[in-house]
Each structure stands twice: as C-alpha cells, then as structure tokens.
1. Determine if segment 7-30 includes at least one residue that is surrounded by 17 or more Cβ atoms within 10 Å (Cβ to Cβ), among the β-branched types (Val, Ile, Thr) and over 28 Å from Gln122 (Cα atoms).
2. What are the residues in segment 22-43 that are within 11 Å of Leu142 (Cα to Cα) and touching a residue at least 12 places away in the same chain (Cβ under 8 Å), if any?
3. Could you tell me which residue of segment 103-140 is nearest to Met85 (Cα to Cα), considering only residues that are polar (S, T, N, Q) and assigned to a loop (DSSP other than H, G, I, E, B)?
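We did not get these values from a lab; they are worked out from the coordinates using the rules stated. Here the structure is a predicted model, which is why all the values come from computation and not from measurement. Glycine also receives a Cβ, built like all others from the backbone with ideal geometry; neighbour counts cover every protein chain displayed.
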Amino acid sequence: MQTDAVGRAWREGVSVVVATSAYGLSFGALSIASGLDLWQTMVLSLLMFSGGSQFAFIGVIAAGGGIAGVASAGMLGLRNALYGMSMRRVVQPRPMLMPLAAHVTIDESTAVALAQSQPKAQRIGFWVTGVGIFVGWNLATLAGALLGDLLGDPKQWGLDAAAAAAFVGLLWPRLKARQAIAVAAASAALAAALLPVAPSGTPVILAAVVGVVVGLTNWFGPKHESDLADPGGPEHREGQHA
C-alpha cells in the first residue's frame, strides 16, 4: 500500500510539474514584452518564484505602475506564508533544508502534498513537485524570454489553462463528500463573481475565505453527530455514568 501511495505521489507530482512548467514559457515571453530584460525576468523567477505574484508584477509594470506592482505581488505572495504554517508539520524538513522547503512551498507543491493519504507520500509529493517546478519553471522562463515573439500568443497553445487544469485534476478525486462539493462550488462561484471587478489574482485568494469559514465552523462546532443530539456532549455523558 505504501509503495502504491508513493508511486501515486510521484505520478501526480510529475504531471503537475509538466503542466506548470509549460506555463513558464508564457511568463518569460510576457515579461520581456512588459519591458523587463532577460536578467530581470530570470531574477523574478529564481527569487520570487510565485507564478501569481510574478504575473501580477509584470501586469502592473506593463500598465506603467511601480510600487503598485510590488504591493500586488506581495499581497499574492502572502498565501505561501500561510501554506508554510501547515506544510512544515507535513514535510518536517531538516534544519539545513528549511530554506529550500520554504522557497518551494507554492500552490502546486502544497496541493500535491495534501492530496496524498500517507505521510511519506505527502513528503515525496511536496519535494517532487516543488523542486521539479522550480527547475522546470526557470528553464521555461528562460526559453520564453529568449524566444519571445516566436511563441505568439501563449493562449493559442493553451498554456494559460495548463496550471488550472492540473489543479482540477488534483481536486476532482477529493470531491466525494457533500461538504467538499459545496465548498468547491461556492468558492468557484465567488471567484467568478469577483473576476470582473477584483485585481488580478485576488479572486482566488478571496474565494479561499469560503474554505476558511467552513473549516472554522467545523473546528469550533460539534465534533460528532451524537453531540448534536445531546447538548451535554461526551464529557457530560461520562459524568452521568460515573
């Protein structure tokens, strides 16, 4: 069973690496078109390494913004810090690997890790996805920046949908419980409603509020169906039997 779980983690990790890395071609080309040079483009991918933040930054720069671009990228990058709080417990990296683990804690590595059912598979999924995307994304960024106009419109290659398709592939098998389906539907509806009016990248972040509210409700609410029937809860019942 453990071998199967590890194999699944590898397969899912590699598939997400391929899909997300391909999207790096789009970033490289768009970054050059936005006015950044090759070295500036590569520094963004190497050091920032957050697709949403990078696209937000070059989008604002292309529109003539400066500090606003940094603010937008920083706001979107905050989600990685939130991921890190939970992923540290999941991955449990050695102290010397802590900086690398923090750097590759992104949407995709978090999603693949949490999609696994066993601790070892979670750690493998995290590292395969995080390190794989770091290498693939930067190579694709370099290729996109060098090829530039030869790529044409990235949308005609479907690169703008590659990462989203990978996420759907990870999410779909987990939509078994009614609550999970309801949360996913509500989050998607909120993101779609905000898309025309909210800054780029923020609809997805704001849609996560749905999951946070449901999670807090579950955490602070009754833990068992029996508790709903008995307001006294398990402690009260134990006191009665004592």
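1. The answer is no; no qualifying residue exists.
2. Residues satisfying the conditions are Gly24, Leu25, Ser26, Phe27, Gly28, Ala29, Ser31, Ile32, Leu38, Thr41, Met42.
3. Residue satisfying both the conditions and the ranking: Thr105.
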